[in-house]
Structure formats: C-alpha cells, structure tokens
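Asks: A single structure is presented below for examination.
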Amino acid sequence: MRVRVLLWALLIGLVAATLVTLVWLAGRYEASQVQSRLDRDTTDALGDIRTALTRNVQSLQALHAGQPQSDTWNLEASRLIRDHREWMRIEWRDAALAVRQYVDTPYRPGPFDRLGRPNAQSDVVAACANGRRASGPGYSSSYFLPQQDGLGIEVMELCLPLINAGQLAGYVVATYSLSEMLAGLVGPALTRSQDISFTEADGTRLAMQGAPRRGSRVFTSQQLLDLPGNTMVLRMDSWRGAPDVFPNVLTALVTAMSIALVSVLVLLAKDQRRRLQAEDDLADALAFRKAMEDSLVTGLRARDLQGRITYVNPAFCQMVGFEPEELLGHETPAPYWPPELAGEYQKRQDVRLAGQHVPPREGFESVFMRKDGSRFPVLIIEAPLINHDGLQTGWMSAFLDISEQRRIEELSRASQERLQATARLATVGEMASLLSHELNQPLAAISSYATGSMNLLKAGAPASPHGPDIADIELAMRRIAEQAERAGKVIKSVHDFVRRRDSEREPVQPQRLLDAIMPLVQLQARKLGVRVDPKLERALPDVMCDRTMVEQVLLNLARNAMQAMDEARVAEPSLVIEVRRAPGPSDAGKGWLEFSVADVGPGIPEDVKQQLFTPFFTTKSEGMGLGLSLCRTVVEQHGGFLGFEPREPVGTIFRFTLPVTSKAVAATIPA
C-alpha cells in the first residue's frame, strides 16, 4: 500500500515537474522570440539610417557638381533642404571655413537665431578635420542647440570636403537634427509599437522617437552607429511586457490536459447519453417523415441512375393501383405505362437518365394506366435527387392526378360556349343598331340625288324649248348608283365588324379617301352654309385600311362638326379636313398618317368629354350615340388612335392615325 502511494506521488511529482518545466521553457521561448524580433527591427532601423546618410552625402556632392554659382546654389540648396526634414542648415564654406552661402530649414524658425552660428564653430572644425582625414564625409559629436521657444534640439554636424583638381576648394556643412533623423530615416512600421532613440555609450539619451505608452519596457536592443568622427548607440525598446507565469501558448494545453485527466469518464457518460438521445430523435424524425409521406395526396417516386424504382409512397400506389412490392426495383417499362405509349416513354426516360435534358420546373403532363387498365392524366414534376455529398444519385418525381381538373376544364369550356352563343344573340341587336346608324348617310344622299333628278325632269317638261339637262340627270343617276353601292359596302363592313372578322384592307391613297367623301360633305356644307377647306401634304404614302369604314369615319366626324356649328349658330362656320404625316417618332417598322377634322364651334363641355366615346351616349335628340364609338373602334382595329383636343382660339379638332403600307415604311428606312 505504501509502495503504491509512493509510486502515485512520484508520478504526480513527475507530471507536475514536467508541466512546470514546459511552462518555464515556453516562457523563455516566447521571450527569446520577442527579443529576436526586436534585434531584427533594430538592425533594419540601423540599416535604414546608414543608407539614408549615404544618399544624403551623394545629394550634397551633386549640389556642388560643375562649380555652381551663388544664385544657382541657393535655389538647389533650398529645394534640397525642403526634401530633407532631418537637415537644419546647409552651408557652403571656403577652404578657411568661412561661410559663403547657407540656407535654413523652412519647417522651424532659424535654428541658430538664439546663440548664433559661431557658438558651434568648434564642432564644425572637428567635423571638417574628420572629413579631411577620411577623404570623405566627417561627423562631429552631437551637441544641444537651444531654441527661441525655450526648448532645444540635439544636433550634429556633417562636413564634406570639396576637392577640385586635387586641391581643397571648400566644404559643404549640413547640420543634422537627431530627432528628425529618427522620424524621417526610420520606417514608420518600426516606431509604431516600440521606442527608438539615440544614446551615448554611457546610456545618456540624446533623441527619442515613438509615442509613450503604458507598460514596462522589458525588451531592449542596441546597435552601434559608427560614423567617421562620431559614434552613437541606436536603442530600441519594445512595449511588450514579459511573459506571464503561464504563457499564452500553454494555457490551452494545461487546461485541456486537466479536463482530460479529471473529466474523461464524465465526458464518456455524456457522450453515451447524447448517442441514445440522437438515436431517439432520429427514430422520431423518421416516424414523422413516414407519417407525412403517408398522409400526402401527391404521389412520390424515386429512381436510381439506372431507372430502377427505389421508393414509392402510399399515395402513388393508390394512384396507380399497384402495391409497393410490385413497383420497388422494377425497371422499364413500368407496369403503369400504357402499352401504346411505352415506346415514347422509354425514349423520354433514356434521355432523362443520360442527363441530356432537364425537366421543366413547372412540370409536364402525361398519361398513366391503373392496374385495372383505365387511363388517367397526371402532372409530373421531376428533379435530380442529390445526396449529402452533393452528388446526384437518381431522380425524384411528384405526381398529381389531374382527372378532376380536366373534368372541371371541360365543364368550363361548355359554359364558355354557351356564353358565346348568348353573346352572338346580343351581337345581332348590335348589328341592327349599327346598320341603322351607318345607312342613314348613304340613304340620305340617295334621297337627295333622287329629289334633284325629279326636279330636273320637271324643269325639262315638253313645254321647255331646250328639254331636260341630260348631263345633270346622268350625274345624279351615277351618284345614286355610287351611294347604293356604298350602302352595300357599309352593310358588309359592319357585318364583318360585328362578327370580329378581319376586314379586307388595301393600299389607298389619302386623296382618294377625301375625293370619296367630299361630294356628301359639300352637299351638307352648302345646306348649312359651311366653308370646307381640305388640306393634304405633298407626296403622302398610301395607307393600309378598309376603305369603306375609314371613309365612314371621316364622314361621321365632318358631319358631327358641321351639325355642332349649326346648332351653335356660328357666324362664319368653317371646316378644315387635313391629312399629314404623324408627328413624333414612329413605332419600329411602322409609319403613320394623321387625319384631322377641325371646326370653329363652341367646343365640348367638360361633363361631355368623359362620356364622348361611350356607346349610346348622345347630345342630339335624334342621335343613337353609336357614331363616335364606332369611329374609335374602326380606328383601333387598324392599330391607330382616335382622340380630340380644343382648337385655338375656338373649336375642336378630332384626330386619328392610320398605318401606311409596308413598302412606304421600307422606303423611309436608310440602307
């Protein structure tokens, strides 16, 4: 017993020692990683500074290339010092170190305004002596330079000897600000999370860059910046604290090991309970799914990629009259395929299984056969069957028995036919009304010409020495014949219109349409004292129309206009009938002509405008209210539009459009 306890104590001690060692080693490793990164950053910063100083020396050498004049030197030196914030002053001195020219930085007041430049002469002399010994750039030790604002900056001098033909010609002296060197010559990424500074060998800080932050700076890296005549230490302090007793890397590991050692049995027990619960949930889900599938009235069927039936629900079995055992695993031809359609269904299934055709989402109709041999229509909605890996394993189909839907559609079709028969009976009355309205004008014209002929015959009695005027009687008879023919055409056109048949349309010149109605218009115009003014644009194309119906539209509009002016007792009634090309853009592939009838009557009242084209609405005591309604219907059957608008200063204009012939449209389209 004592040996077992000792062994367990030894095991626990070894595990504890191992964990403590791992924690200590991890902390040391993290600290070494932080220190290594800081050393690399310091080396990179030192390299940036050395590279920048070398470039600056080259820029100063280029400033004196070619023995520049004073004005040129001032311009180039001013541009150069604007590009280098680390320089406080650039001086051009002769061989005796006397200042010839200088420029100060534009970013701060004159750096030597407080103490004067001679106060730093010793540093300049030391830097130039270092430069002569090194035959190159020489640096002085850094010194503190007080400023006008009560503060000061740490600076150092750079002296570059100018050699011309082997002889010393002078010096270029540049004054560096150590703080600006840290700000401008070191990459901003290196100063974002740590302090960087110049220090002396004993640790005295000369200049520092980096925002102060809270925390202990426990990681420090130093690199030596060795310049000709001056040596400084570049120091970088990291803001990251030392690793905790338990480093972040091992926190999760220790916690996981503790939970694993203490709770493994508890986890196993919970896992066993979860497994049992999952099995119960799966059984409930399967039972619920089976209940849903059994209660569906939609038939479901699944097939594999070889066309074998792998699943059917009770609704499908009830639909076709077969048991599941008779269908599962069955290949083509299926027992519910009608024999006369089996070949067509086999081709369709081969295409589907080959993946060459995706069935429509809205489904397609087919015919199935029940076990007793009866046929019935079905709507099939089919989609690929995709497993949990995203692979297609077959096809899933849903079936709807649409026998009842077809029966209802048949009843609806029969009802529609009865409604159409009733509508035809109503059309008979409409035809009679239209005929009575449209025949008034040709019959009135026939009556007028017949009365005129009788008057001519009476005037040409045997007592008359000259006898009747045969030419006038012949003209009247011809007009009677024309109006009788017109009445027949009206009857035929109205008959076709009522039966909704396509009327016979032909190319007609607009001039011929006006010539056909002008005798009747002039006849009524003379009676009412109206001046008629027809206007046609030149070179108008033919219109494609039913000539008789369009003439009737023009005649109705002209007659209505003259009657309106007569009822209003207009002093000087006039009527303008105009034909022109329709303004504005035309439809694609179509051209239009615009017909207009304008009067100088009283206009249309506001309460009448809303009902003007309503059938059986009229403002005349003897009117039937079908004229304008018929006119709009005729124009719309031709694809045009009939409307009206006020005429300035008085009157009303009725306009309608008719399509021109396709040849005329083609002639207007550029090649």
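The values are calculated or read from the model by the stated rules, or taken from the named source; none is laboratory data. Computed from a predicted model, the values in this text were never measured in an experiment. Glycine also receives a Cβ, built like all others from the backbone with ideal geometry; neighbour counts cover every protein chain displayed.
Asks: Only one residue in Arg132, Arg100, Arg108, Arg114 is touching an Asp or Glu at 6+ places or on another chain (Cβ under 8 Å) and of a type in the set (D, E, K, R). Which one?
Replies: The conditions single out Arg100.
Asks: Taking into account only those residues within segment 388-413 that are under 25 Å from Val312 (Cβ atoms) and among the polar types (S, T, N, Q), which is surrounded by the most Cβ atoms within 10 Å (Cβ to Cβ)?
Replies: Applying the filter and picking the extreme gives Ser397.
Asks: Quick one: how many residues across segment 69-83 are more than 17 Å from Glu180 (Cβ to Cβ) and assigned to a helix (DSSP H, G or I)? Reasoning before the result, please.
Replies: Residues of segment 69-83 more than 17 Å from Glu180 (Cβ to Cβ): 69-79.
Filter again for assigned to a helix (DSSP H, G or I), leaving 70-79.
So the answer is 10.
Asks: While we're looking at this one, here's another question. Within segment 542-579, count every residue that is closer than 13 Å to Gly529 by Cα, in a loop (DSSP other than H, G, I, E, B) and acidic (Asp, Glu).
Replies: Counting residues in segment 542-579 that are closer than 13 Å to Gly529 by Cα, in a loop (DSSP other than H, G, I, E, B) and acidic (Asp, Glu) gives 1.
Asks: Could you check how many residues of segment 533-578 are more than 22 Å from Gly643 (Cβ to Cβ), modelled with pLDDT of 90 or more and among the aliphatic types (A, V, I, L, M)?
Replies: 0
Asks: Still on this structure, please answer the following. In this structure, is Gln349 surrounded by 10 or more Cβ atoms within 10 Å (Cβ to Cβ), in contact with a Gly (Cβ under 9 Å, 6 or more places away or on another chain) and in a helix (DSSP H, G or I)?
Replies: Here the answer is yes, as Gln349 does meet what is asked.
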